[in-house]
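Have a look at the structure below, then the notes.
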Amino acid sequence: MLDKKYLFPEDAVKLIFKHITQRSLSSEIVPIEEAYSRVTAEEIQSPEDLPGFNRSTVDGFAVKASDTFGAKESSPAYLKIKADIPMGAIPDFSLSNGEAASIATGGMLPEGADAVVMVEHVNTVSDDLIEVLKAVSPGENVIFLDEDAKKGETIIKAGHRLKPQDIGALAGLGITEIKVIRKPVISIILTGDEILPHTEKVTPGKVRDVNSFTLAGLCYENGAVPLKMGIIKDDYNEIKKAVKKAYELSDMVLITGGTSAGTKDLTAKIINEIGSPGVLFHGASIKPGKPIIGGVCNGKPVFGLPGHPVAVYICFELFVKPVINYMFGLTDKNFKKTVKAKMSRSIHSQAGRQDFIRVYLEEHNGKIWATPLLSKSGLIMSLVKAHGIVHIPSELLGILEGEEVFVEIID
């Protein structure tokens, strides 16, 4: 295993994709109140026009636009007020030439009106007469009945992660439930004689569980359901028993620890024994996270993640997250939040390896500076203190002090 060629993350993930089925998860119907951040299983068409009527976007007067042409302060247009339109009411009249009707923002335009003059551009001459000081064009200050959505139009595509505004739009169209992709269950197994539950007192040589909490949170953030399988000692039979159980209960298995070349490293052996094709790659050309294992057992992804907390986070983002999205059949483009910053000091890197540097951000004299947190990957606090990650591509030997970089923001 030590002589193998290490893959870049994008190539390693493609290997996983070749052995699993895209959008492999089943679907379910949920009320829209429970659909936030869920992934749609099918296209959603608008059942009706939205807003369904011509409505005003301002407080003012509904008019025929042609009646205002040429109007200006020195030569206003005079219109007769035919009626007031109460909010939420359906006008029971139509406008003829030379007529107007007072209307509030959101009110329904009467038949014959095709524009609204803002109240700021009108003088009231009497109870039934106004002078218009500014001309309006047809459609000005108006939302037409199908301008937001047309009946039968696809408003949300399949494979879209629903945002709050999406749910608001569905509610506005009277849609009460939708078909979404089932949340994948992801088992989390911790291995290592040195790991203690977070509730226990630490003794020399022991550390509390950090990784299962980090991984569980990352699963939740990415639409999955974490299933913690506990802390397993470095015993082949115990680990294999836990992995087999996890394999049966979940859609993906994450095993932390046991990925390097030590004598107790059993993860790769067990993955190969659980199902075919087994391990697809062992190691990636990255830092931190080099010892990662990726495999597929009879259609289910199984990852062996390094034991160091920072490496766990980086490997989840680079390998696990893309596979979750692939299983969802997610069609949204993944645009990461980034900011431009200047490096506060030079960072050296190894050719042929992608480095991921934690940084915190500071502003000085109107410029944003990224300061590297050059701690070991076993120190979780470097990730807690970090505002973001700077990616050093494999073709570079580092980044010079003062050089401008893109920082991927950690939410």
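A few points about this structure:
- The criterion of at least 3 residues that are over 20 Å from residue 137 (Cβ atoms) and open to solvent by 70 Å² or more (accessible area, probe 1.4 Å) is met, among strands (runs of 3 or more DSSP E) falling completely within the range 58-103, by 77-84.
- Leading residue by the ranking (nearest to residue 24 (Cα to Cα)) among those in the range 120-144 that are buried (at least 17 other Cβ atoms within 10 Å of the Cβ) and among the hydrophobic types (A, V, I, L, M, F, W, C): 143
- The criterion of at least 3 residues that are hydrophobic (A, V, I, L, M, F, W, C) is met, among strands (runs of 3 or more DSSP E) falling completely within the range 142-225, by 177-181, 185-191.
The rows are residues; the columns are (1) of a type outside the set (Gly, Ala, Ser); (2) modelled with pLDDT of 95 or more; (3) open to solvent by 40 Å² or more (accessible area, probe 1.4 Å).
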site	(1), (2), (3)
177	yes, yes, yes
184	yes, yes, no
188	yes, yes, no
203	yes, no, yes
206	yes, no, yes
211	yes, yes, no
218	yes, yes, no
226	yes, yes, no
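- Looking across the range 1-21 at every residue that is under 23 Å from the mean Cα position of the chain (by Cα) and open to solvent by 80 Å² or more (accessible area, probe 1.4 Å), the one that is nearest to residue 106 (Cα to Cα) is identified as 21.
- Contacts under 7 angstrom Cβ, first residue in the range 8-20 being among the small types (Gly, Ala, Ser), partner not in a helix (DSSP H, G or I), 6 or more apart: 12/281; 12/284; 12/294
- Search result, residues across the range 330-367 that are of a type in the set (A, V, I, L, M), touching an Asp or Glu at 6+ places or on another chain (Cβ under 8 Å) and within 30 Å of residue 162 (Cα to Cα): none
- Selection from the range 22-47 of residues that are open to solvent by 80 Å² or more (accessible area, probe 1.4 Å) and at pLDDT 95 or above: 29, 33, 34, 36, 42, 43, 45
The values are calculated or read from the model by the stated rules, or taken from the named source; none is laboratory data. The model shown is predicted, which means the values in this text are computed figures rather than measured ones. No Cβ is skipped: glycine too gets one built from the backbone with ideal geometry, and neighbour counts run over all protein chains shown. These area figures cover heavy atoms from the full protein model, side chains too; ligands, DNA and RNA do not enter into them. Shrake-Rupley method; radii C 1.70, N 1.55, O 1.52, S 1.80 Å.
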